[in-house]
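The values are calculated or read from the model by the stated rules, or taken from the named source; none is laboratory data. Keep in mind the model is a prediction, meaning the values are calculated, not measured. Cβ coordinates were reconstructed from backbone atoms using ideal geometry, including for glycine residues, and neighbour counts include every protein chain displayed.
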Amino acid sequence: MKTLIVIREADYGWLTPLFPGVHPLVMPICNKPFIEYLIDFSILAGSTAVRIVSDGPLNDVERYCENGSRWGIDISYASILVDDDLDAVMDKNARYCSEGRMMVTSGFIFISYEKKHELKPFVAMAPAGTLLRGSTGSLLLTGTPENVGEVREPAPCSLVELDSIGSYYRLSTEILNERPSPYVLPGYSNEPDCHIGRNVVTSKGAEIIKPVIIGNNVQIMKGAVVGPFAVIGSNVIVDRESTVSNSMLLDNTYIGENLDIVGRIAYGNILIDPASGVSIAMEDRHLLSGMKRDGIFGLGLFRYLFHAAVSLLFILLLFIPYLLLAPLLKIQGKWKNRTMTFQGVQQGKNVIVVRPSIAGEGVLSGLARSLSLDRFAMLFSALSGRVAVIGSFPVEAGRHQEAATSVLMPGYRPAVFSYAEAEDWPVNAEDSSIVERYYAVHGSPVQDMVLTVKAFLNRIHAQDQP
Amino acid sequence: MQQERQRKNNYPMNTFMTMSLPSDIHYARIASKTAMMVAEFFSGQSGIAEKREEFCHAFELAVAEAFANSVFNAAPQEKERQVMISFSSEKSELMVSVSDANPEFDPEMQVPDILSYPEHGYGLVLIRQLMDSVRYSRQDGMNQLSMIKNAG
Amino acid sequence: MSCLKETSQFVFDCSSLDFIDSSGLGTIVSCLRKSLEHNGDLKLASLGPQVTMVLELTKAKRLFAIFSDAAEAVNSYVTGRKA
Amino acid sequence: MTVNEKKCKGITIVSLNGSLDAASAPGVLNSSSALTDTQSIVIDLSGVDFLDSSGLGCLVGIARKKREQGGDVRLACLNEKLRKVFDITRASRLFDIYDDAEYAAGTAAKK
């Protein structure tokens, strides 16, 4: 049997204004993208292939599901026009649908099921026709049954329509509440109502109350209370003394100090009340992100002076090695000056810096790299206050065109060295953002200096490794 | 962490290939096929398996678009002009830059509304969607379009 | 707050207030503190959904007596009725 | 780029093979009269292994001219690479896209 998943832009029109940039099929429900539940269901019902069909863009879905090898099935994609009816959809996928039995889901619907009831024999024996129907979607079967036998009524599954933020919230709460859960949820779990992801740090005095689901790279600070009924996504910080209950925090959300998140959905700097559908964007980000936008690049004057002093120190330290090594490498053609444009603290305000590349395996280039001479020119930008000496790994302008950097990475502050380098975290925008954000809020000038030295030493060390 | 360090060392910033082709659309296939093979070579080295095909196609198509853009941007009497394509890498990122001495162009061009049947103007839209980072610069009478994609 | 000299009992009618940020909230809280120092009070009326959410989020809601409209809030000073 | 034609249920199926790009696109229109007349056709893209924006522009141009004159174009058998180009440019909103060329011809004939 094969499955056809048909979803139209009109089915999820309500979701786009609330979660800009999120495709509904990859919208997380209890930290698991919506489409995965449908895929799980298709597999349990006996499908060997799934085709996802839409009149809207599918590239985000494709990026997540790829060809389905992760689930051991074939996943393919197809486009339809806005006013194609279900017959037209089947016509357009005639070759895919030609092998007999098909299961077709239509609309933005969630199919809930119980693992203990056997789904596969039921679907194999059920006659063709609509199995489940709601006002905005349906589940139907076409073709002759694969097996003969008595069909046990009612169907061991039911349909949940996702037509508003309220229904999305209710569904998530229900799944969190279900025990024993028929759905496989991401994260480590030794109890049915508690799932914890990788790299979750709970400070002393923080409290986690079940049921709860927590994603990867999450920090729960001192005195914070998470749960009951909390779904925390990945790359999230819940800062000191804040409480999160009956709520969902989507990926990349920062909850500042001393806040109460009760019965809400938070996504970046957006806070939604699922009961009324009211959504507010925090224009002053620090209500949610707990930080102020002071100074020219997000630092106070005092901290700026400190940064300038540290960069001056490094300039003096590296001046002679730079004078000796840079011209030599330039002659060898291994040193190339590159002008790079980085996103500034504020959206649309870019910072232009010189950041050369040093190529080659030789002793000289190795030495130059380990002394961070490629960052030498940037130190002058730090001296003049255009970048910080330590902060975020700079994001190249144009990397995140669709979403504002400040939403993706609250506390972003381009710098010569990054906190991730100091803490020896993998340096890429997604994984390092959490440690960068932590220091952006809790860092102090002295700590900045220590971390700058640490980052510098780590880079030397990195070159020593075979 | 050990792994991360090793990866850093195996792939230092490296310009490994530069080619120069006549500014003629019939050479576009040479440019794009080469880009695809470079991407195949690079992704094989950096050991990505799952998204390799997508990664290579992205380079094939982006270079085809950049090359065509370059050729169509040249004045017709400038046939003897050259288009320079160079490939470099840093860690798990592959970068290709396409440069020429043609007139300046607007890299921010938006695709017109599809429902009005536009026959041109998709090129830069495709490039921006396929690549992680796209940068345009104009220096000393040269256009340079640099495109980066992460293989990881 | 020059009017503190004449009175210390306030009602803020928020019916036309559609957005508040943390510095706005800070101002209102310091007004409340001043009126409390003068043995008065500051009551809020006709809160919109955004303002309500911000007050709940920051726990500031607990500090204020909140009424559905301004007249009711004014009345409460006379009758001593709670919100 | 090679172009083949066959009739199926009275509808012409034009099969394109090779790469449909800036170099080959201008020649495609001259290679088959079915692409420029007013009759409805199905273009089978299963043999196209590479499509760039000029190739896409060529298909869009054919669709526009056909539709202006009361005909239509249906596309069939896009591989993943082609589908991606259609998805990114939103060109999938312009075309009826089938996964089987003969089936597409069959339903076009009934219309």
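If the condition is being on the phi > 0 side of the Ramachandran plot, in contact (Cβ under 8 Å) with a residue 24 or more places away in the chain and either surrounded by fewer than 16 Cβ atoms within 10 Å (Cβ to Cβ) or aliphatic (A, V, I, L, M) (or both), then segment C:31-82 contributes only C:Asn39. On inspection, D:Glu68 passes the criterion of being farther than 17 Å from D:Ala25 by Cβ, at the interface with another protein chain (Cβ under 10 Å from one of its Cβ atoms) and over 14 Å from the mean Cα position of the chain (by Cα). Criterion applied to A:Gly227, A:Gly187 was being surrounded by 14 or more Cβ atoms within 10 Å (Cβ to Cβ), modelled with pLDDT under 90 and within 19 Å of A:Asp260 (Cβ to Cβ), and the one residue passing it is A:Gly227.
Which of the residues belonging to segment A:145-165 are closer than 30 Å to A:Pro211 by Cβ and surrounded by 14 or more Cβ atoms within 10 Å (Cβ to Cβ)?
Within segment A:145-165, A:Ala155, A:Pro156, A:Cys157, A:Ser158, A:Leu159, A:Val160, A:Glu161, A:Leu162, A:Asp163, A:Ser164, A:Ile165 meet the criteria.
Here D:Val48 qualifies as under 22 Å from B:Val125 (Cβ atoms), part of a strand (DSSP E or B) and out of contact with any Phe, Trp or Tyr (no Cβ under 9 Å at 6 or more places or on another chain).
Flag set for A:Tyr37, criterion: under 21 Å from the mean Cα position of the chain (by Cα), touching a residue at least 60 places away in the same chain (Cβ under 8 Å) and within 25 Å of A:Ala126 (Cβ to Cβ). Of the residues contained in segment A:421-435, one or more are found to be hydrophobic (A, V, I, L, M, F, W, C) and modelled with pLDDT of 70 or more. Within segment B:102-150, the set of residues being out of contact with any strand residue (DSSP E or B) (no Cβ under 6 Å at 6 or more places or on another chain), within 12 Å of B:Ala62 (Cβ to Cβ) and facing another protein chain (nearest Cβ under 8 Å) comprises B:Gly123, B:Val125, B:Leu126, B:Gln129, B:Leu130. Take the conditions (1) surrounded by 23 or more Cβ atoms within 10 Å (Cβ to Cβ); (2) within 29 Å of B:Ser23 (Cβ to Cβ); (3) in contact with an Asp or Glu (Cβ under 6 Å, 6 or more places away or on another chain); D:Thr89 misses just one of them, which is (3). Among the residues making up segment D:23-48, a single one is crowded, with 21+ Cβ neighbours inside 10 Å, in contact (Cβ under 8 Å) with a residue 40 or more places away in the chain and within 23 Å of A:Leu58 (Cα to Cα): D:Asp44.
If you take the residues in segment A:311-358 that are in contact with a Phe, Trp or Tyr (Cβ under 8 Å, 6 or more places away or on another chain) and assigned to a loop (DSSP other than H, G, I, E, B), which one is nearest to the other protein chains (Cβ to nearest Cβ)? Among them, the one singled out is A:Pro356. Yes or no: D:Asp44 in contact with a strand residue (DSSP E or B) (Cβ under 8 Å, 6 or more places away or on another chain) and within 28 Å of B:Phe72 (Cα to Cα)? Answer is no for this residue.
Which residue out of D:Gly57, D:Gly27, D:Gly61 is closer than 21 Å to B:Pro118 by Cα and touching a Pro at 6+ places or on another chain (Cβ under 8 Å)?
Just one listed residue meets the conditions, D:Gly57.
For A:Asp239, are the conditions met, namely being charged (D, E, K, R), touching an Asp or Glu at 6+ places or on another chain (Cβ under 7 Å), farther than 17 Å from A:Pro28 by Cα and in contact (Cβ under 8 Å) with a residue 40 or more places away in the chain? Yes; evaluated as a whole, the condition is true for this residue. When restricted to residues that are in contact with a Gly (Cβ under 8 Å, 6 or more places away or on another chain) and part of a loop (DSSP other than H, G, I, E, B), segment A:182-197 contains 3. Within segment A:344-374, being surrounded by fewer than 18 Cβ atoms within 10 Å (Cβ to Cβ), of a type in the set (Val, Ile, Thr) and more than 23 Å from A:Arg413 (Cβ to Cβ) holds for one residue alone: A:Val363.
Considering each residue of segment A:97-126, count those that are in a helix (DSSP H, G or I) and closer than 18 Å to A:Ala45 by Cα, and give that number.
Number satisfying all stated conditions: 9.
For segment B:18-51, filtering for residues that are under 17 Å from B:Ser88 (Cβ atoms) and of a type in the set (Ser, Thr, Tyr) leaves 5.
In segment A:147-181, which residue that is of a type in the set (S, T, N, Q) and assigned to a loop (DSSP other than H, G, I, E, B) is nearest to A:Gly46 (Cα to Cα)? Taking the candidates together, the pick is A:Asn147.
Number of residues in segment A:255-275 that are modelled with pLDDT of 90 or more and not in a strand (DSSP E or B) equals 5.
Here is a yes/no grid of residues against (1) part of a loop (DSSP other than H, G, I, E, B); (2) polar (S, T, N, Q):
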position	(1), (2)
A:Val201	no, no
A:Gly205	yes, no
A:Gln219	no, yes
A:Lys222	yes, no
A:Pro228	yes, no
A:Val231	no, no
A:Ile237	no, no
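Taking the conditions exactly as written (within 18 Å of the chain's Cα centre (by Cα) and outside any strand (DSSP E or B)), does A:Asn252 satisfy them or not?
yes
Scanning segment D:49-61 for residues that are more than 8 Å from every other protein chain (Cβ to nearest Cβ) and buried (at least 17 other Cβ atoms within 10 Å of the Cβ) yields D:Leu51, D:Gly55, D:Leu59.
Here A:Lys334 clears all of (1) within 22 Å of A:Lys454 (Cβ to Cβ); (2) in contact with a Leu (Cβ under 9 Å, 6 or more places away or on another chain) except the condition numbered (1).
A:Leu119 - would you say it is buried (at least 18 other Cβ atoms within 10 Å of the Cβ) and touching a strand residue (DSSP E or B) at 6+ places or on another chain (Cβ under 9 Å)? Taking the combined requirement at face value, the residue satisfies it. The residues of segment B:12-52 that are more than 14 Å from chain A (Cβ to nearest Cβ) and in a strand (DSSP E or B), listed by number, are B:Met19, B:Ser20, B:Leu21, B:Pro22.
Return the residues of segment D:62-74 that are touching a Phe, Trp or Tyr at 6+ places or on another chain (Cβ under 8 Å) and crowded, with 18+ Cβ neighbours inside 10 Å; say none if nothing qualifies.
Of everything in segment D:62-74, those that are touching a Phe, Trp or Tyr at 6+ places or on another chain (Cβ under 8 Å) and crowded, with 18+ Cβ neighbours inside 10 Å turn out to be D:Ala63, D:Val73, D:Arg74.
A residue that is closer than 24 Å to A:Ala397 by Cβ and free of Cβ contacts under 8 Å to residues at least 60 places away in the same chain cannot be found anywhere in segment B:44-61.
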